[in-house]
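See below for the structure under consideration.
The values are calculated or read from the model by the stated rules, or taken from the named source; none is laboratory data. Owing to the predicted nature of the structure, the values given are computational and were not obtained by experimental measurement. Here the Cβ is made from the backbone with ideal geometry for all residues, glycine too, and neighbour counts use every protein chain on show. What goes into the accessible areas is simple: the full protein's heavy atoms, side chains included, and nothing from ligands, DNA or RNA. Shrake-Rupley method; radii C 1.70, N 1.55, O 1.52, S 1.80 Å.
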Amino acid sequence: MGEVGKTFENKILSFKMSLTSMDSAMMEAVLQMQNQESAVWRVLKCEAQPALPKGENYLSLISRITLEVVLGNGKKSHKSLILKEAPHEGNNREFVNNLGVFKIETEMYLRILKQMEELMDEHHETEELLWGRLIFYQPYTSLLLEDLKATGFLMTQRQACLDLEHGHLVLHSLGRFHGMSKILEERGVINGKDFKPYALCNSKDLLEKYVHNGLRNLSEAMHRSWGPAWQRVAEKLIMPLEVLENKMIEIGKLEESRFNVVNHGDCWSNNMLFKYDWSHRPIAVRFLDFQISHYNSPSWDLTYFMFNSIEPKLRREHYESLLKTYSNSLLSTLQKYRYSGRLPTHEEIAAEMERIAFFRLIVVGVSHPIMTAEGTNALDMDELFGSGGTSGIGKDIYTETYKQRMGPEFLKLEEQGLIFTHI
């Protein structure tokens, strides 16, 4: 080797030695300097605008805060955050306050999601986070959150429902989320008794004004425009409020002998954002809106998501494989994080789905037509609670598309005896 080659080799060796000899104090200084350069030093301008159009969110006011800032290195930059606020006035504000949804969500971010992130770090998890980060909060009226759109996450079109790729990704991610919650429960971080019961099972206001009247509206639409073949089903949808309440309380009762987890509670397509690869395949999901999170069987989240947001024909044709994706993910997560309790089987998870099958009627008949409706007038929460439930749900949401999507579901529910007239 010539003199030039030896000199170059000596320089490389010297560089490597300087790196390996760097102590923790030097590394700390390097990283702190890097963080200071990218940190916000001054905010020059702050603007707010609605982040979602009317009809896309029901329990909060959502704004996008756009900032012009100066960084620690002196350069100007732009950043954006999401501000989530309780309704400022009206009947919806009273309902939101009574449910305590901002307290529930704040505690989810501060305690449970934070502990999940630490759990992932502890086990050197390579899969992505499943939520955005909380930046700041005011108890219990507002949350300042990371703007996930600024990092490349996008919302899907709720009217179209999700395809199989999105469906499998969400169910895999739910398995991870539920599994991590079970690990935290085993460590004593989570106590199921600290959670409020699921609002759709125990809120008399919600059951009367939203669910009971939603089924009545559907019945009227069937009578009005679905044709003679649907009159029998339409009549069975008009059940006494007491029967509806008792049935939901019955299937929603928390039994400690079952495999229970922390449920997201409002897991549908508008409460998640997706990241895509170069061919527009979904590769990551972030869950939003933990306002009605609760502790119970995972079948509540599974039913709510699968029957609200996956394209119904695809869900019916691929139900078993979709559910298998969830159970495989749940079991692998529990094993990865060394859960020492009894592992649920796929068959037990499927049986739980059937145990709460009455809830499908609520999702299919009330939530789905609202959540997939065109326009912005499907649900007005202020009007719903102000009128006692007699108005507030759009009358034109039970379209031919909805009939084609969900007609087979009602026939199956009727066959199972889950649509009934109580005398």
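Structure notes:
- Of the candidates Glu122, Glu118, the single residue that is loosely packed, with under 13 Cβ neighbours inside 10 Å and within 22 Å of the chain's Cα centre (by Cα) is Glu118.
- Within region 130-149, the set of residues being surrounded by fewer than 16 Cβ atoms within 10 Å (Cβ to Cβ) and either acidic (Asp, Glu) or within 15 Å of the chain's Cα centre (by Cα) (or both) comprises Arg133 only.
- Residue pairs meeting the criteria (Cβ under 8 Å; at least 6 apart or on separate chains; first over 15 Å from Leu129 (Cα atoms), in region 98-115; second buried (at least 18 other Cβ atoms within 10 Å of the Cβ) and of a type in the set (Val, Ile, Thr)): Leu99/Ile292; Val101/Ile292; Phe102/Val96; Ile104/Ile292
This table checks each residue for (1) hydroxyl-bearing (Ser, Thr, Tyr); (2) in contact with a Pro (Cβ under 8 Å, 6 or more places away or on another chain); (3) part of a helix (DSSP H, G or I); (4) at pLDDT 95 or above.
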residue: Leu145; (1), (2), (3), (4): no, no, no, yes
residue: Ala150; (1), (2), (3), (4): no, no, yes, no
residue: His166; (1), (2), (3), (4): no, yes, yes, yes
residue: Leu169; (1), (2), (3), (4): no, yes, yes, yes
residue: His172; (1), (2), (3), (4): no, no, yes, yes
residue: His178; (1), (2), (3), (4): no, yes, yes, yes
residue: Ser181; (1), (2), (3), (4): yes, no, yes, yes
residue: Leu184; (1), (2), (3), (4): no, no, yes, yes
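- For region 1-42, filtered to residues that are open to solvent by less than 80 Å² (accessible area, probe 1.4 Å) and closer than 30 Å to Ser80 by Cβ, the residue that is modelled with the lowest pLDDT is Val30.
- Sole exception among (1) surrounded by 21 or more Cβ atoms within 10 Å (Cβ to Cβ); (2) touching a helix residue (DSSP H, G or I) at 6+ places or on another chain (Cβ under 6 Å) for Arg286, by number: (1)
- Taking the listed residues Gly394, Gly365, the one that is open to solvent by less than 30 Å² (accessible area, probe 1.4 Å), more than 19 Å from Gly167 (Cβ to Cβ) and free of Cβ contacts under 8 Å to residues at least 40 places away in the same chain is Gly394, with no other qualifying.
- Pairs where the first residue, in region 48-77, is more than 18 Å from Gly394 (Cβ to Cβ) and free of Cβ contacts under 8 Å to residues at least 60 places away in the same chain and the second is open to solvent by 30 Å² or more (accessible area, probe 1.4 Å) and of a type in the set (Phe, Trp, Tyr), C-beta under 9 Å, 6+ apart: Val69/Trp41; Val70/Trp41; Leu71/Trp41; Gly72/Trp41; Asn73/Trp41; Gly74/Trp41
- Residue in region 259-276 that is more than 17 Å from the chain's Cα centre (by Cα) and either closer than 28 Å to Lys412 by Cα or open to solvent by less than 10 Å² (accessible area, probe 1.4 Å) (or both) present: yes
- Ile370 more than 18 Å from Gln416 (Cβ to Cβ) and surrounded by fewer than 21 Cβ atoms within 10 Å (Cβ to Cβ): yes
- Candidates Asn296, Asn328, filtered to the one that is more than 21 Å from Gln404 (Cβ to Cβ), touching a residue at least 60 places away in the same chain (Cβ under 8 Å) and surrounded by fewer than 21 Cβ atoms within 10 Å (Cβ to Cβ): Asn328
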